[in-house]
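Below is one structure, written out as C-alpha cells; the observations come after it.
The values are calculated or read from the model by the stated rules, or taken from the named source; none is laboratory data. On a predicted model such as this, the values are computed, not experimentally measured, just so you know. Don't worry about glycine lacking a Cβ; one is built from the backbone with ideal geometry, like all the others, and counts go over all protein chains shown. Just the protein is used for accessible areas: all its heavy atoms, side chains included, with ligands, DNA and RNA removed. Shrake-Rupley method; radii C 1.70, N 1.55, O 1.52, S 1.80 Å.
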Amino acid sequence: MRQRYIDAIALEQHFGKPDLFITMTCNPSWTEIKEHLWSTDEAQNRLDLITRVFKAKIEELKTDILKRNIFGKVVAFMYTVEFQKRGLHHAHFLIILGNEHKLLTTEAYDNIIRAELPDDKTESDLHKLVIKHMMHGPCGSLDPTNSCMKKKGYCTFKYPKMFADQTIKGNDSYPVYKRQNTGEVVKVRERYLDNSWVVPYNPDLLGKFNCHLNVEVCSDIKVVKYLYKYICKGHDKIAFCVQNNDTNIEIDEIKEYRSARWVSPPEAVWRLFGFPISEMSPSVYRLQLHLEGQQFISFKSNADIHTILNNPMIQKTMLTEFFSMNETNEDAKELNLLYKEFPEYFVWSSSDKFWALRQKRCAIARIVTCHPTEGERYYLRLLLMHVRGPTSYKDLLTVNGEPCSTFRESVEKRGLLQCDNSLTECMFEAASYQMPYSLERIHKVPIKLVRKNHLHT
C-alpha cells in the first residue's frame, strides 16, 4: 500500500492536485441483491452476491466518470476498496480533471455538488434518497454515543456544518458548500435534522446508484498527500490475547499479546473472487535502481545455483536494458531521454525483459526512492536524474573523457554538488510524499557538503 501511495503521488506531481474525492458505500438493499435472495435469505449471509453486485457498481461508476465524462475529461484517477470491520465494502476515488475542465469557481462546484435537502415537491425521489443515504449522524448533543464522536467529545467529521447562503472556497481545506437555513427538518433515526447535517452529494449519481455516495471538491486542499495517505492506509488490524481458563496460572499480558491483520468476511470473499483492491490510471512505472551487479533476483528454493548464475535473463533489468537501448536503438538515441522519461516512449516487457517502442497510451515513471545515507546508490540516482542517454555505468563514471572511480566523484565533476541544489531537490521530492517524522530524519542527515543553516531553511 505504501508503494501504491507513492505511485499516486507521482501522478499528482505530473498532473496536479486531484479535483474530486468520491466515496461510494455498498447498499445491501440494492434491487440487484434483493431479487436474487430466497425468501429465507438475509443479505448479510450472501456476501458472494453482495461482492459481485458492488464490483459491478464500481465498474459502472468508473464508466460514468472516465468514459461518459460526467465531470469532464479525466486525465488520471485512482481508487481503493476498503472493508469495514462490522460493515460492508466502500470505495474511495480520487479524480484529476484536465485543465479545460478544472473546477475553478464556486459556480462550478454548485453545478455538480449539493449539500442541501432537495425540494420535496419537485424532486420527491431525490429527497427520499438524501434522507436515506446522505444524512450524517445524529451525533454531538443529539447522540453523544455515535461512532464519529469517539472519545474526543466532538464529531470527527465536524457535523453539524455551519449554514451558508452561497458556496465559498475553503482556506486550504474543503469548500464551504451552500447550506441555506430554510427551517426545513426531516426525521432521521428518531431525531430531527436540517441542512447542516447533509453530506455533499451529486444528484445524478445518487439517483442512479441509490447508496451513500459522497462527492467532494478537494482541489483547494493544501496538504494533498494526506488524502492519498488516507485511501492507501492499508488493512485494518486487531489486537487480541489468548488466555487459559485456569485461574491459578500467572498471566503474562506481554507474551500473550497478539497483533494481527483483521480480514472481515466481505474482504475474504472479495479476494477469493480475485477482484482488485485498487486501480490507477495511467499506470506508474517503478524504475529499478541498483549498482552494477547488485540487482535483486528471484528463484525457487530448490533451484541449482549454477543454473541461476548462468541464466542470462538475471543480468537484465530495467536499468541495464535502458543502457543497452541508448547504445543500440536508433529511436532511443534520437530521443536522448532521461531514465524517468523512458517509459513515456517505451514499454517494459517483464517476461522477456526488454524495452519496446510504445504504440499507445501513456505511462508515468518514478525512480525508486533512495536515502542520502545510501552513498553510491544515491549518487547513481542523482546522475540518472540529470544525465541524458547514458549507455552504461562506465559512461556515467566518465566526465569529459576522464574516468572517475566513484559515482560521487562523477557527480562532483559534473557540478551537481557545487551548490545545495541536490539536497534541495531531495527535500522537495521527499516533501511530496513523506510524513513529518520521516522528513525530520532526512533533515538531520549529516552530509558535509551541505550547510547546516540551509538544511534548517
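Give K62/K85; K150/K208; K102/K233; K34/K121; K67/K340 a once-over and call out the pairs whose C-alpha atoms are over 31 Å from each other.
Listed pairs above 31 Å: K150/K208.
For the chain, what is the relative contact order in percent, using Cα pairs closer than 8 Å and at least 6 residues apart in sequence?
The value is 15 percent.
Send over a whole-number figure in Å² for the accessible area per residue of the chain, probe 1.4 Å.
Per-residue value: 57 Å².
At a Förster radius of 60 Å, what calculated FRET efficiency corresponds to the Cβ-Cβ distance of K340 and N245, to the nearest 0.05?
0.50
Testing the spin-label approximation: label points 7 Å from Cα along Cα→Cβ at H14 and I70. State their distance in nm.
2.7 nm
On C-alpha positions alone, give me the angle between the axis of helix 421-431 and the longest principal axis of the chain, in degrees, nearest 10.
For helix 421-431, the angle is close to 30 degrees.
Keeping every protein chain in place, order H386, H89 by accessible area at 1.4 Å, biggest value first, i.e. largest first.
H386, H89
Once you treat every alpha carbon in the stretch 1-103 as an equal point and sum by Debye, what is log10 I(q)/I(0) at q = 0.12, 0.17, 0.20 Å⁻¹?
-0.50, -0.84, -1.02
By how many degrees, between 0 and 90 and to the nearest 10, does the Cα long axis of helix 47-62 differ from the longest principal axis of the chain?
70 degrees
Between E402 and K233, what FRET efficiency comes out of the Förster formula 1/(1 + (r/R0)^6) with R0 = 60 Å and r the beta carbon distance, rounded to 0.05?
Result of the calculation: an efficiency of 0.75.
How big is the charge dipole of the chain about its Cα centre, in debye rounded to the nearest 20, if each Lys and Arg gets +1 on its Cβ and each Asp and Glu gets -1 on its Cβ?
Taking the Cα centre of the chain as origin, the dipole is about 540 debye.
Per-residue counts of other Cβ atoms within 10 Å, averaged by peptide: what ranking do you get for 47-53, 153-159, highest first?
Packing order, densest peptide first, comes out as 47-53, 153-159.
Taking the Cα centroid of the stretch 59-89 and of the stretch 169-221, what is the distance between the two, rounded to the nearest whole Å?
Spelled out, the Cα-based centre of one part sits 19 Å from the other.
Measure off, as a whole percent, the carbon and sulfur share of the 1.4 Å-probe accessible area of the chain, all protein chains present.
That share works out to 50 percent.
Determine the gain in length on full extension of the stretch W262-Q295; use 0.36 nm per residue of separation and subtract their C-alpha separation, reporting nm with one decimal.
Roughly 8.4 nm would be gained on extension.
Could you work out how far apart the two model spin labels at S196 and Y226 are, taking each label as a point 7 Å from the Cα in the direction of the beta carbon, and quote it in nm?
2.3 nm
Angle between the Cα long axis of helix 124-133 and the longest principal axis of the chain, 0 to 90 degrees, nearest 10?
Rounded to the nearest ten degrees, it is 60.
Modelling each spin label as a point 7 Å along the Cα-to-Cβ direction, I'd like the M1/D352 distance in nm, to one decimal.
Placing both labels 7 Å beyond Cα along the Cβ direction yields 3.8 nm.
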